[in-house]
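Structure in structure tokens, see below.
No value in this document is a laboratory result; all are computed from the given coordinates. What you are looking at is a predicted structure, and each value in this text was computed from that prediction instead of being measured. Please note: Cβ atoms are built from the backbone with ideal geometry, for glycine as well, and neighbour counts cover all protein chains shown.
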Amino acid sequence: MSGWNAEQYLKFEDERTRAARDLLAQVPLSSARHAVDIGCGPGNSTELLAQRWPDAKITGIDTSADMLRQARERLPKANFIEASVSHWVAPKDADALFANAVFQWVPDHLKHLKRLVTALPEGGVLAVQMPDNMSENSHVLMREVAQLPAFHEQLSKAATARDDLPAPSVYYDALRPLCQKLDIWHTVYNHVMPDATAIVEWFKGTGLRPFLDPLEFPERKKFLEAYTARIAASYLPQQDGKVLLPFPRLFIVAVR
């Protein structure tokens, strides 16, 4: 995929940050020495860590230069590193590892979650949130449009860019032997959107990227037209004209 677009991502900053706030609220650390935001994006979640632990060293890692540029402008006192979590090794003093909406993109991410938990000092915390929405209409319709004859050849690999998440029981069995406490829960947010077009704008910053990036502009426009029509037919307006976007998310907090 091409580089992430911080401006597109931040169009729905408040909604995207809500899950990060809810995750951080369940982290049982009154203080932290070194908090790391894995997949920090434009720094909206990193800012929460800096506010929660003002005396801690704060580090953010991400693979996107554009996201990191935005994050550095937002938090000049924090340290930001361009790196992939698949290869990144946690510093020995890192006692708070925070990952908001990144591991769903990481191949074999359960292996990396186990590795990161094991690297924590006693009492350290790994906190993870992942969208669990591959079965939602928003994503089913992406795959449906990708199968149309006009796009099928170019987008044959797009549907495999991200897999369904395993069941919570899989995470529990993998992580529980490695930590003293493990919390796992689901939340379904119902984001109030102005209209169906806003839903498309939301996913242009995330889930649609594997489908749009391989296409040239004319084909991309056609894909979005077909997808938008299906979204409008699937997500119907409420009485006030607004549209609800159900958005399931999986949360994990592991205490080493």
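Which percent, nearest 5, of DSSP beta bridges in the chain are antiparallel? Present the calculation step by step, with values, prior to reporting the outcome.
Numbers: 20 of 38 bridges.
Within the chain, antiparallel bridges account for around 55 percent of the total.
What's the FRET efficiency of Ala150 with Asp93 using the Cβ-Cβ distance as r and R₀ = 45 Å, to the nearest 0.05?
Details: r = 53 Å, r/R0 = 1.17.
Rounded to the nearest 0.05, the efficiency is 0.30.
Measuring from a point 7 Å past the Cα of Trp185 along Cα-to-C-beta, which residues in the stretch 26-60 have an amide N at less than 17 Å?
26-29
I'd like the orientation of helix 65-74 relative to the chain: the angle between its Cα long axis and the longest Cα principal axis, in ° from 0 to 90, rounded to 10.
Helix 65-74 sits at roughly 60 degrees to that axis.
Using only Cα atoms, find the angle between the long axis of helix 13-24 and the longest principal axis of the chain, and express it within 0 to 90 degrees, rounded to the nearest 10.
Helix 13-24 sits roughly 30 degrees off the main axis of the chain.
How are the C-alpha pair distances of the stretch 33-185 spread across 10 Å bins, as whole percents from the shortest bin up?
Whole-percent P(r) values from 0 Å outward: 10, 35, 32, 18, 5, 0.
While we're here: With labels modelled as points extended 7 Å from the Cα through the Cβ direction, what inter-label distance (nm, one decimal) is found for Asp164 paired with Glu216?
Placing both labels 7 Å beyond Cα along the Cβ direction yields 3.7 nm.
While we're here: In nm, what is the difference between 0.36 nm times the number of residues separating Gln26 and Thr118 and their Cα-Cα distance? Before the final figure, lay out each step's value.
Numbers: separation 92, 0.36 × 92 = 33.12 nm, distance 2.00 nm.
Gain on extension, Gln26 to Thr118, equals 31.1 nm.
Moving on. Under the Kirkwood approximation applied to all pairs of distinct alpha-carbon atoms, what is the hydrodynamic radius of the stretch 22-73 in Å?
Working: mean 1/r = 0.0889 Å⁻¹.
Computed over the stretch 22-73, the radius equals 11.3 Å.
Tell me, what is the Rg over Rh of the chain, with Rh the Kirkwood radius over Cα pairs?
Numbers: Rg = 18.6 Å, Rh = 19.1 Å.
Ratio of gyration radius to Kirkwood radius: 0.98.
If I model a spin label as a point 7 Å beyond the Cα along the Cα-Cβ vector, how far apart are those points for Tyr172 and Leu236 in nm?
Using points 7 Å along Cα→Cβ, the separation is 3.7 nm.
What's the tally of Lys pairs in the chain whose alpha-carbon atoms lie under 17 angstrom apart, where the two lysines are 8 or more places apart or on different chains? Could you put the intermediate results ahead of the total?
Details: Lys11/Lys204; Lys57/Lys77; Lys57/Lys92; Lys92/Lys114; Lys114/Lys181; Lys204/Lys221; Lys204/Lys222.
So the count of such lysine pairs works out to 7.
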